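Take a look at the structure set out below.
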Amino acid sequence: KQLIEAAKVLQGRQLHDVCLAFLGDGQERGKLEALAPQDNLHNVQFLGQQPKSKVVGWLQEATAAFLVFKDVPGLHTSSPNKMFEAFAACTPMIQTTQGWIKALFDEAHCGLTVTPDS
């Protein structure tokens with residue numbers, strides 16, 4: 001939901017050159033996809049599942065990739081494929097986990113970590 005809130009802020013600031021593209025069919029997709037028309041968001045696209053061969057291409061075109069998880073301790077230990085795909089594409093990341101990925105980002109300066117509720 002943080003990314004939908006961000007889309008609202010961007011649209012409210014009339015930053016029409018920024019679009020949030022959601023790739024994949026994650027567990028929250030249906031809920032998020034329902035929120036976009038409620039808020040008349042024109043800067044959000046839900047592209048669904050993409051072939052692995054196209055994911056890196058999408059990421060190479062992106063300004064940043066988001067790795068957003070709920071604040072559940074077990075999720076702070078995850079190793080999500082999307083992070084490694086963003087690394088492969090040399091795309092900066094903004095992420096919310098507070099475990100080993102945060103430590104990696106802090107040490108290697110390879111992205112930004114924000115709190116899960118920000």
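The values are calculated or read from the model by the stated rules, or taken from the named source; none is laboratory data. Because the structure is a prediction, the values reported are computed rather than measured. Here the Cβ positions follow ideal geometry from the backbone for every residue, glycine too, while neighbour counts run over all protein chains shown. Quick note on the areas: whole protein, heavy atoms, side chains included, nothing else; ligands and nucleic acids left out. Shrake-Rupley method; radii C 1.70, N 1.55, O 1.52, S 1.80 Å.
List of remarks:
- Proximal lysine pairs, the chain, alpha carbons under 22 Å, eight or more residues apart or interchain: 13
- Portion, in percent, of the accessible area of the chain that falls on carbon or sulfur, probe 1.4 Å: 56 percent
- Point-charge dipole on Cβ atoms (K/R +1, D/E -1) for the chain, about Cα centre, debye to 20: 160 debye
- Per residue solvent-accessible surface (Å²) - segment 1-60, probe of 1.4 Å: 68 Å²
- Structure remark: mean-square fluctuation, Gaussian network model of the chain, C-alpha springs under 10 Å; the largest value among Ala34, Ala86, Ala64 belongs to Ala34.
- q = 0.15, 0.21 Å⁻¹, the chain: log10 I(q)/I(0) [Debye, one scatterer per Cα]: -0.71, -1.37
- Each peptide in 110-117, 10-17 receives the mean, over its residues, of other Cβ atoms within 10 Å, and ordering these scores from highest gives 110-117, 10-17.
- For Gln45, distant residues with modelled amide H under 5 Å away: Leu20, Ala21, Phe22
- Under the Debye formula (equal points on every Cα, no solvent term), log10 I(q)/I(0) of segment 79-118 at q = 0.17, 0.18, 0.31 Å⁻¹: -0.40, -0.44, -1.20
- Residues considered: Phe84, Phe46, Phe105. Largest GNM mean-square fluctuation over the chain, using C-alpha springs under 10 Å, is found at Phe84.
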